[in-house]
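Novice: Sharing a structure with you now.
The values are calculated or read from the model by the stated rules, or taken from the named source; none is laboratory data. Only a predicted model underlies this, so the values are computations on that prediction, with no experimental measurement involved. With ideal geometry, Cβ positions are generated from the backbone for all residues, glycine too; neighbour counts draw on all protein chains shown.
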Amino acid sequence: MKKMILVVAVVFMMASSAYAKNVSQNCGCGLGHELIGQKEGLVWNLLGTFLNGICGNQTFGMTTGTLGCDTGGKLVMNERMEIFVAENRDGLAQDIAAGNGETLSALAEIAQVSSDNQPRVFSMLQSNFDTIYPDANVSDKHVVTVINDIMASI
């Protein structure tokens, strides 16, 4: 009997929390998000979850950035930048110190810096060289994090 009461209580708590939010907040992106995103209630949340999951539309939406989904571009860009920094460590350090160069231009392309904004970004990176590369053993992740912070402040 105690187990039955516990199961009913857990189901009630789950249903009431699902009932409290609309489909967009509770079920994520996908077809359900687009068709019934602002509806609230358990039935709408279940239908939204079902619609998001059928035919792989949620996966499609995440890949293409459609159906209310985000592609996660920032994460992908950071990963590409970390790989680039690791593979071009010395050349990038020299280019940042000089304030220009092929490696720095390639990094700007990966970071999607517009050509109009590149001279300003390169100048800021050059003036913050000691922060980007505080010592010879600096990690690639540190370099990318500081570069991103500098670019975000511009």
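Novice: How about segment 74-109: which of its residues are assigned to a loop (DSSP other than H, G, I, E, B) and free of Cβ contacts under 8 Å to residues at least 24 places away in the same chain? Reasoning before the result, please.
Specialist: Let us first name the residues in segment 74-109 that are assigned to a loop (DSSP other than H, G, I, E, B), namely 88, 99-101.
Across segment 74-109, the qualifying residues are N88, N100, G101.
Novice: Sticking with this structure for a sec: List the number of the failed condition for G53; all other conditions in (1) at pLDDT 75 or above; (2) more than 25 Å from the chain's Cα centre (by Cα); (3) outside the structural domain of P134 (by TED's automatic domain parsing) hold.
Specialist: Here G53 clears every test but (2).
Novice: A9: modelled with pLDDT under 80 and surrounded by fewer than 14 Cβ atoms within 10 Å (Cβ to Cβ), yes or no?
Specialist: yes
Novice: Working only within segment 110-128, note down all residues that are of a type outside the set (G, A, S), more than 20 Å from A86 (Cβ to Cβ) and assigned to a helix (DSSP H, G or I).
Specialist: Within segment 110-128, Q118, P119, R120, V121, F122, M124, Q126 qualify.
Novice: Quick check, is Q94 out of contact with any Ser or Thr (no Cβ under 6 Å at 6 or more places or on another chain) and within 22 Å of I83 (Cβ to Cβ)?
Specialist: Yes; evaluated as a whole, the condition is true for this residue.
Novice: All but one of (1) over 30 Å from H33 (Cα atoms); (2) within 17 Å of the chain's Cα centre (by Cα); (3) surrounded by 14 or more Cβ atoms within 10 Å (Cβ to Cβ); (4) touching a residue at least 24 places away in the same chain (Cβ under 8 Å) hold for K141, so report the exception by its number.
Specialist: Every listed condition holds for K141 apart from (3).
Novice: Looking at E87, is it out of contact with any helix residue (DSSP H, G or I) (no Cβ under 6 Å at 6 or more places or on another chain) and not assigned by TED's automatic domain parsing to the domain that holds G30?
Specialist: Judged against the criteria, E87 is a match.
Novice: Just name the residue that is modelled with the lowest pLDDT out of those in segment 27-50 that are in contact with a Gly (Cβ under 7 Å, 6 or more places away or on another chain) and buried (at least 21 other Cβ atoms within 10 Å of the Cβ).
Specialist: The extreme case among them is C27.
Novice: Return only the number of the condition from (1) free of Cβ contacts under 8 Å to residues at least 24 places away in the same chain; (2) in contact with a helix residue (DSSP H, G or I) (Cβ under 7 Å, 6 or more places away or on another chain) that F129 does not satisfy.
Specialist: It is condition (1) that F129 fails.
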